[in-house]
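Notes to accompany the following structure.
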Amino acid sequence: MTAPAPAAEAPAEAPVPGAPVTLLIADDDEVTRSGLRTLLAVQPGIEVVGEAADGVEAVERALRLRPDVVLMDVRMPRRNGIDATRELLAGSAEPPKVVVITTFENDGYVTSALSAGASGFLLKRLPVRQIAEAVRVVAAGEAILFPAALRRMVAARPRGSAEALPRAALTGREEEVLRLMATGLSNPEIAEALTVSQETVKTHVGNVLTKLGAQNRTHAVVIAYESGLVVPGAAG
């Protein structure tokens with residue numbers, strides 16, 4: 001595994017909150033793990049509270065340290081990051097947000113990570129500043145979406161029709177919010193686009209997740225793509 005290096009794709013910016021986001025780093029490579037800890041610890045708004053060298057340690061230490069976010073490598077011994085994510089999110093009443101991070105841009109990893117309940121998927125080649133921003137964005141309740149990866153993933157899978165969407169009658173405005181979510185917009189950006197308050201958007205997003213039975217925003221977007229409500233290549 002390699003240490004982070006610059007890349008072009010990055011999540012949207014988010015403000016640094018008043019209280020630091022607590023972070024656990026799980027990676028089996030000691031050099032990568034140590035490098036991430038050193039570099040992320042000096043980023044504004046982030047406090048690294050622990051490390052884990054495999055998936056078993058990641059679950060145990062997350063339950064003990066209760067970080068806001070876990071940065072979870074995929075390929076680790078004893079238990080891989082996908083299984084560790086699934087176990088952690090299912091076994092805690094107030095689980096942390098999980099951002100899966102890997103060297104490999106593998107659509108299968110994206111699918112598995114989202115199915116496990118991860119709030120985002122990052123590549124290690126991103127600059128550390130952008131990884132830090134992703135951690136802050138996820139801690140604030142948003143999701144890290146890579147539309148290109150999502151489109152490739154769902155384009156290769158059978159899609160139904162919008163009528164088949166298990167949406168329990170999403171309202172027109174809720175469908176509009178879902179389409180904007182599929183472009184990767186945050187709640188403030190959606191509020192600006194629709195000229196409504198952020199609280200109104202938050203309510204609509206909550207309704208969308210509940211009606212779709214989605215684990216998080218990313219899962220809702222995948223459902224929207226797979227149902228045909230949002231067409232790959234047409235969401236921004």
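The values are calculated or read from the model by the stated rules, or taken from the named source; none is laboratory data. All values derive from a computational prediction rather than experimental measurement. Cβ placement follows ideal geometry from the backbone for every residue including glycine, while neighbour counts extend to all protein chains displayed. With ligands, DNA and RNA removed, areas are computed over all heavy atoms of the protein, side chains included. Shrake-Rupley method; radii C 1.70, N 1.55, O 1.52, S 1.80 Å.
Some points to look at:
- Spin-label pair THR195/GLU30, simplified geometry with 7 Å Cα→Cβ offset, distance in nm: 6.1 nm
- Dividing the Cα radius of gyration of segment 45-88 by its Kirkwood radius returns 0.94 for Rg/Rh.
- Per residue value of the accessible surface for segment 41-145 (all protein chains in place, 1.4 Å probe), Å²: 38 Å²
- In segment 24-72, the alpha-carbon atoms span a convex hull of 55 Å³ per residue.
- Surface composition of segment 39-130: carbon plus sulfur atoms hold 47% of the accessible area, using a 1.4 angstrom probe and ignoring ligands, DNA and RNA.
- Estimated translational D of segment 63-106 in µm²/s (Stokes, Kirkwood radius over Cα pairs; 37 °C; 0.692 mPa s): 300 µm²/s
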